[in-house]
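Have a look at the structure below, then the notes.
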Amino acid sequence: MSRADNIFYCVVAGFVVGILVRSFVSVGESFAAFLLLLAGVLFLVNRKTALVSVFFLCVALGMFRYDLADRKGPQTALDAFVGQMVTLEGLVVIEPDLRERVVRLVIQGLTLEPLQGQSFKVLVTTATEPKYAYGDRVSVLGVLERPENFTPTPIRNELVWGFTDETTLREVNYRQYLAKDGIYYEMFLPSIEVLARGEGNPLVAALFAFKHAFISRLNALIPEPHAALLAGLVVGAKQSLGEKLLDDFRTVGVIHIVVLSGFNITIIARFIEWALSALSRNRRLILAACCIILFAMMVGASATVVRATVMALIVLLARGTGRVYAVTRALLIAGALMLVHNPQILVFDTSFQLSFLATVGLIYLSPLLEPRVRFITERWGLREIVVATVATQLFVLPFLLYKTGILSLVSLPVNLLILAAVPATMLFGFLSGILSFAWSVLALPFAWIAYALLAYELAVVEWFARLPFAAVALTSFPFWLVALWYAGYGVVIMRFKNPSPKPLPL
């Protein structure tokens, strides 16, 4: 490993450690300043300790960055009005999150009564009718509340062996989960009046409008719940599949396909590259990067999407400049950039954590598994899908058990059966939606194929979810066991790793 590599890994590790420590302990700015001083002294006293100095320097910078983000915390003046009726006016700043019975809006703006001049975000839960959209300016009258942590019961008890009314799952730190996005207050079923429409970012509004038009055409071609699943696969639409079907997806361990994941982003990035392959290298690089960024904005830019998007852009840059694509470095760069933007996601965003664990498994476990499954054909990319699925499932398993306490015994076969069909489903679903803008008759053959694939995927989920003991509730899965499990992975990877691993294709 070169000196430049050592410095790079030291910088990233120090920055992450600083944020990690500060996420749990408020050490104060004086301690971070002490680390800065210590780094300077070590560097001046002995240049051989330069890497140690860099590490402490970056630990301090990570702490400072978290402190800076934490200063954007709740307006303490508003805490006095928690539990009281207030009137707010503001913009709907993200795409509404449509659930089965309610819709959730994030509204940012100024209070009208009883406090003036305080800008903040509030999470509003309201009925699905009337409809609200990104960029709506609304007046909201309701009781201001602080979010409360809760203990989830994500799956119907009868679907999980060992799950009873007395079973206790791990408490969700819901307050901190919302706080990472600057949301410190919420309202339930307030009175809402739309004052104006279309006041959001014009580009984002246009992207959302295109997505909604695309989804409406899918709904006209394909019935529910197939259309809702397809919209989630292709454009990350936040449409509810219904609590019963969502429970089935959780039970069999494929809830990740309901929303857009890094796997879907990879497929889309490949398609964009293929569509632009006739252009010159520089034009293809610029247009592909713009398309990927616009797509990430359109689907909501979740932690998983951002990570996959940053890595896809690094791949494009590496190919455009002729440099070798180092996937580990790309992953670390993606993570570091996301933490610079919002350091609170390191500990309090589960999707961020799962996304990176899945990618690490893909990078390091896949090369170990691939030689052992040579009996699987490479046609239609089947061997690659099997290896990637097994690697990611194995690597995220300890963390999922710690977070949820639910072990799906059928997750691996269901993922193998479904993920093999996802690329074709996305392709035919995309073609049917796009062609329907021109003429619905042209889109019908592709819609029929997409519907058949979706019906197959839903049938797999529902059949496996009905099996006895499809999932098991674990009463306790401590963090030390998670750490020990991942340490075992580390030993296996170091023992059997390829000294010159191939870069992952995108």
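The values are calculated or read from the model by the stated rules, or taken from the named source; none is laboratory data. Note that the structure is predicted; figures quoted are calculated from it, not measured. Don't worry about glycine lacking a Cβ; one is built from the backbone with ideal geometry, like all the others, and counts go over all protein chains shown. We work out accessible area using only protein heavy atoms, side chains counted, and drop any ligands, DNA or RNA first. Shrake-Rupley method; radii C 1.70, N 1.55, O 1.52, S 1.80 Å.
Note that segment 340-348 has calculated 3J(HN,Hα) couplings of 4, 5, 8, x, 6, 6, 4, 9, 10 Hz, one per residue in order, obtained from phi through the Karplus relation 6.51 cos²θ - 1.76 cosθ + 1.60 (θ = phi - 60°); glycine and proline are x. The Cα-based radius of gyration and maximum Cα-Cα distance (Dmax) for segment 393-472 are 16.8, 50 Å.
Shape class for segment 187-296, computed from the alpha carbon gyration tensor (a ≥ b ≥ c): oblate, with a/c not under 1.5 and a/b at or below b/c. When the helices of the chain are scored as -39500 (n - 2.57) per DSSP H run of n ≥ 4 and the total is divided over every residue, the value at 222 nm lands at -18500 deg cm²/dmol.
Sorting the segments 182-193, 485-496, 139-150 by their residues' average number of neighbouring beta-carbon atoms within 10 angstrom, most packed first, yields 182-193, 139-150, 485-496. Between Leu474 and Ile406, Leu407, the built amide H atoms are under 5 Å apart, and every one of these is 5 or more places off in sequence or on another chain. Averaged per residue, the chain has 50 square angstrom of accessible surface, using a 1.4 angstrom probe with ligands and nucleic acids left out. For the chain, the fraction of 1.4 Å probe accessible surface lying on carbon and sulfur atoms is 66 percent. Computed on the Cα atoms alone, the convex hull of segment 292-445 gives a volume of 171 cubic angstrom per residue.
Pairs exceeding a 27 Å alpha-carbon distance, out of Lys131/Lys211; Lys121/Lys244; Lys121/Lys211; Lys244/Lys403; Lys48/Lys180: Lys121/Lys244; Lys48/Lys180. The mean sequence distance of close C-alpha pairs (under 8 Å, at least 6 residues apart), as a share of the length of the chain, puts its relative contact order at 15 percent. Taking amide H as placed 1.01 Å from N in the peptide plane, the amide H of Tyr184 sits under 5 Å from that of Lys121, each at least 5 places away or on another chain.
Under the rule a/c < 1.5 gives rounded, and otherwise a/b versus b/c splits prolate from oblate, where does the chain land using the Cα gyration tensor?
Rounded.
Sorting 420-429, 464-473, 269-278 by their mean Cβ neighbour count within 10 Å, with the most densely packed peptide first, gives 420-429, 464-473, 269-278.
Karplus-derived 3J(HN,Hα) values for segment 432-444, using 6.51 cos²θ - 1.76 cosθ + 1.60 with θ = phi - 60°, are 5, x, 5, 5, 5, 5, 7, 6, 4, 5, 4, 7, 4 Hz; glycine and proline are entered as x. When each of the peptides 455-461, 438-444, 395-401 is scored by the mean number of other C-beta atoms lying within 10 Å of its residues, the order from highest to lowest reads 395-401, 455-461, 438-444. Evaluated at q = 0.20 Å⁻¹, a Debye calculation over the C-alpha positions of segment 372-506 (equal weights, vacuum) places log10 I(q)/I(0) at -1.22.
Derived scalar couplings between HN and Hα for segment 9-17 equal 5, 5, 4, 5, 4, x, 5, 5, 4 Hz in order, rounded to whole Hz, by the Karplus curve 6.51 cos²θ - 1.76 cosθ + 1.60 (θ = phi - 60°), x for Gly and Pro.
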